[in-house]
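Note sheet for the following structure.
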Amino acid sequence: MSAIRLLVLGAVRRHGRAHGYQVRGDLEYWGAHEWSNAKPGSIYHALKQMARQGLLHAHEIAPSTAGGPPRTEYELTDEGAGEYFSLLRAALVTYDQRGDMKTAAIGFMVDLPRAETVALLRERGRRIEAWRASVTEHYVPEDGIEGLGHIGEIMNMWVHTADSEAEWTRGLVERIENGAYLFVDEGEPFSGVLAEGQENPYATGERHPDDHR
């Protein structure tokens, strides 16, 4: 799965239509450039690639009367919306050692109904338990693996990470079941996107050739 695809599709969807600089600004605002591969070049590449694939529709916007280059605004197609929700659902249930897909999915989980989100997170919990069981089938964390020396600490790390993830997932399910957050079938969820012209306190300051786009 690709975190950058989920992030870009989700950011465009939050706006309805968005140009590349808006998408980049939102992802930096969410800190995605720190915990994923959402760097400027990757963002603009993903926008163009998904437009070619039919997941986004590219609207060419004429330059303003004040001058300046034209901009391209992107909008999800029906196929793009289907891809977005497919990636989101898969990311909520999948457990691995990377954090980018999980983090992106939690940021967008309110785009799904509350009951479905709970069901997906419960499935995630079951998959964590199954993954842990597969690791510990021939490995006792407290004893390590004979002959592996310090390399056994890698498996210790995996097991402790899985335990932490399982505990956090159970807590999140409980909070959601107790009414935390506003989901899509309950009104307008918190979007967390930058308004047009709003200063981004987390901007990297890097320029990119497509920033005008």
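The values are calculated or read from the model by the stated rules, or taken from the named source; none is laboratory data. Bear in mind that the values here come from a model prediction, so they are computed numbers and not experimental data. Positions of Cβ are backbone-derived with ideal geometry, glycine not excepted, and every protein chain shown enters the neighbour counts.
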Yes/no for A11 being within 14 Å of the chain's Cα centre (by Cα), in a loop (DSSP other than H, G, I, E, B) and at pLDDT below 95 | no
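Out of the residues in the stretch 132-155 that are in a loop (DSSP other than H, G, I, E, B) and hydrophobic (A, V, I, L, M, F, W, C), which is modelled with the highest pLDDT?
L148
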Find all pairs meeting these conditions: Cβ atoms under 7 angstrom apart; at least six residues apart or on different chains; first residue within the stretch 156-176 and modelled with pLDDT under 95 and surrounded by 12 or more Cβ atoms within 10 Å (Cβ to Cβ); second residue of a type in the set (S, T, Y) and part of a helix (DSSP H, G or I).
-> V159/T136
What number of residues within the stretch 3-25 satisfy the criterion of being farther than 14 Å from N37 by Cα and of a type in the set (D, E, K, R)?
-> 3
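Yes or no, residue by residue, for (1) in contact with a His (Cβ under 8 Å, 6 or more places away or on another chain); (2) under 20 Å from A90 (Cβ atoms); (3) touching a residue at least 40 places away in the same chain (Cβ under 8 Å):
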residue	(1), (2), (3)
L6	no, yes, yes
G10	no, yes, yes
A18	no, no, yes
Q22	yes, no, yes
G25	no, no, yes
I43	no, no, no
Q49	no, yes, no
R52	no, no, no
